[in-house]
Every structure is written in C-alpha cells, then in structure tokens.
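For reference, the structure discussed in these notes is given below.
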Amino acid sequence: MERYTPNREEAYELLTKYVQDPSLINHALMVEAAMGHFAKLFEEEDIEKWRVVGLIHDLDFEKYPEEHCKMTEKILKEENWPEDYIRAVLSHGWITCTDVEPKHKMEKVIYTIDELTGLIYATAIMRPSKSLLDLSVKSVKKKWKQKSFAAGVDREVIARGVDMLGMELDEVIRETIEGMKSVAGEIGLNTELN
Ligand SMILES: [Fe+2]
Ligand SMILES: [Fe+2]
C-alpha cells in the first residue's frame, strides 16, 4: 500500500474537526510555527512534516482530555497517518501520558517547545507591547523563575527537552520566540511596535 503523508491542509482540517477552542487552536498554531522554524534551523528536508506534527499533537485534548494522546493515536491510525508521524506526536506526552521517549530530533523539539511556547506567549501578552518583537530571552527567563507565573507550564519538562537537544536554554528560548513570530498576528499578539 502506498504511504499516505498528510499535508498541512489535511492536518488543519482534521484538527478543526476535533478542536474548536480558540486557545487550543492558537496553541496548535504556535507549536506548528516553532516546529517549522526548528526544522529550518536544523536544515531538515521535510519542514512540512515537522509542522504537521506540531499542528496535530493535541488533537484529542478538547474532546478526550482524560485519554490525552491515546485517542490521538487511535484517530491518526484510523486516518492512515504514517507510523513515524504518530510516534512523534505521542512523544510530546512522554512520561505524562505516553511511554514514547523522544529519540528523533523532531521528537525532542516538540517535547521541548510544547510547553515553552505557552510560557513565551504568556510572557508576551502580559507586556505593554503585547508583542514578540521586543521580547528578550531575559524576560522569558525571569518568568521561568517565577513559579507562580503560568504555573501550568512544567519547567522540568522543558529543561529535560533542552538537555536532550544538547542546546542551551537561552538558545532554545531565542529560537522559539523567532519561530512564533510568523503566527504572532493569528494568535493575538501585536506584529508592530507602537
Ligand atoms: Fe499535549
Ligand atoms: Fe501541546
């Protein structure tokens, strides 16, 4: 049987079939954007694959929060998604909801930036500019240390991911901010500084 590879349009269509909550759609868009950015940074050939994995990773979260990751696996299998796409999606929930340890670089990146995009977004939206354009790594790290800020963001998961990537936290934050800039307008951040 010929291998089916979902493109971005099909992935978005599937996502919106299961997810309507605007904040979850925004989350999907920012993770997608960051994935695309890292794919380019690492000179990966299949940028769309990285983006698609980012876009679809929380497919089941709105409808089946109790079975997070498990339902996504089921749905994607039914949709004939390739094994490597499904594996990458499941790896974002390593320890918390799956036992799929991130091995491939794409898996390590989604594991790392899933929660980090949330921290960056929360930091940006609180600032007077409500923009990523003047957001420094330092500002994000300040919020990283303030545990009560965006308390749902698991800093340990991010730190573990950064370690797996063999990168510095500062660098990962910087590149994630860069990646998110391409969807800033769509996710409700200002794209110009006043
Ligand atoms: Fe998730
Ligand atoms: Fe997520």
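Pairing residues of segment 1-18 that are without any contact (Cβ under 8 Å) to a residue 12 or more places away in the chain with residues that are outside any loop (DSSP other than H, G, I, E, B), at Cβ distances under 7 Å and at least 6 apart in sequence or on separate chains, gives no pairs at all.
Does residue 72 qualify as being at pLDDT 95 or above and under 20 Å from residue 156 (Cα atoms)? Don't jump to the end; show me each part of the working.
Numbers: at pLDDT 95 or above: yes; under 20 Å from residue 156 (Cα atoms): no.
The answer is no for residue 72.
Within segment 111-123, work out how many residues are within 16 Å of residue 148 (Cα to Cα) and either within 9 Å of ligand 2 (Cβ to nearest atom) or open to solvent by less than 10 Å² (accessible area, probe 1.4 Å) (or both). Adding up the residues that qualify gives 6. In segment 8-82, counting only helices (runs of 4 or more DSSP H) that sit wholly within it, the ones holding 2 or more residues that are away from ligand 1 (no atom under 16 Å from the Cβ) and not acidic (Asp, Glu) span 8-18, 22-41, 47-56.
Can you give me the number of residues within segment 1-34 that are at pLDDT below 95 and of a type outside the set (Ser, Thr, Tyr)? Steps first, please.
Of the residues in segment 1-34, the ones at pLDDT below 95 are 1-4.
Now drop any that are not of a type outside the set (Ser, Thr, Tyr), which leaves 1-3.
So the count comes out to 3.
Note on segment 19-54: residues that are within 22 Å of residue 185 (Cα to Cα) and without any contact (Cβ under 8 Å) to a residue 12 or more places away in the chain total 5.
Contact map, segment 165-183: residues that are under 11 Å from residue 34 (Cβ atoms) and touching a residue at least 12 places away in the same chain (Cβ under 8 Å) paired with residues that are surrounded by 19 or more Cβ atoms within 10 Å (Cβ to Cβ) and charged (D, E, K, R), Cβ distance under 9 Å, separation 6+ or inter-chain. Pairs shown: 183/32. Please enumerate the residues belonging to segment 103-131 that are β-branched (Val, Ile, Thr) and either more than 16 Å from ligand 1 (Cβ to nearest atom) or closer than 13 Å to residue 91 by Cα (or both). Listed by number, the residues that qualify are 109, 110, 112, 113, 120, 123, 125.
Take the residues of segment 59-89 that are open to solvent by less than 20 Å² (accessible area, probe 1.4 Å) and within 12 Å of ligand 2 (Cβ to nearest atom): which is nearest to residue 39 (Cα to Cα)? Even if it seems obvious, please write down each step before you answer.
Residues of segment 59-89 that are open to solvent by less than 20 Å² (accessible area, probe 1.4 Å), as a first pass: 59-60, 69, 72, 75-76, 81-82, 85-86, 88-89.
Narrowing the set further to residues that are within 12 Å of ligand 2 (Cβ to nearest atom) leaves 59-60, 69, 72, 89.
Numbers: 59: 21, 60: 24, 69: 23, 72: 23, 89: 15 Å.
Filtering segment 59-89 for residues that are open to solvent by less than 20 Å² (accessible area, probe 1.4 Å) and within 12 Å of ligand 2 (Cβ to nearest atom), the one nearest to residue 39 (Cα to Cα) comes out as 89.
Would segment 32-40 turn up any residue that is within 21 Å of residue 175 (Cα to Cα) and open to solvent by 30 Å² or more (accessible area, probe 1.4 Å)? Yes, the conditions are met somewhere in segment 32-40. Checking each residue in segment 15-30 for being within 12 Å of residue 57 (Cβ to Cβ) and surrounded by fewer than 18 Cβ atoms within 10 Å (Cβ to Cβ) picks out only 24.
The values are calculated or read from the model by the stated rules, or taken from the named source; none is laboratory data. This one's a predicted model, so the numbers in the text were calculated from it and none came from an experiment. Neighbour counts are summed over all protein chains in view; Cβ atoms, including those assigned to glycine, are modelled from backbone coordinates with ideal geometry. What goes into the accessible areas is simple: the full protein's heavy atoms, side chains included, and nothing from ligands, DNA or RNA. Shrake-Rupley method; radii C 1.70, N 1.55, O 1.52, S 1.80 Å.
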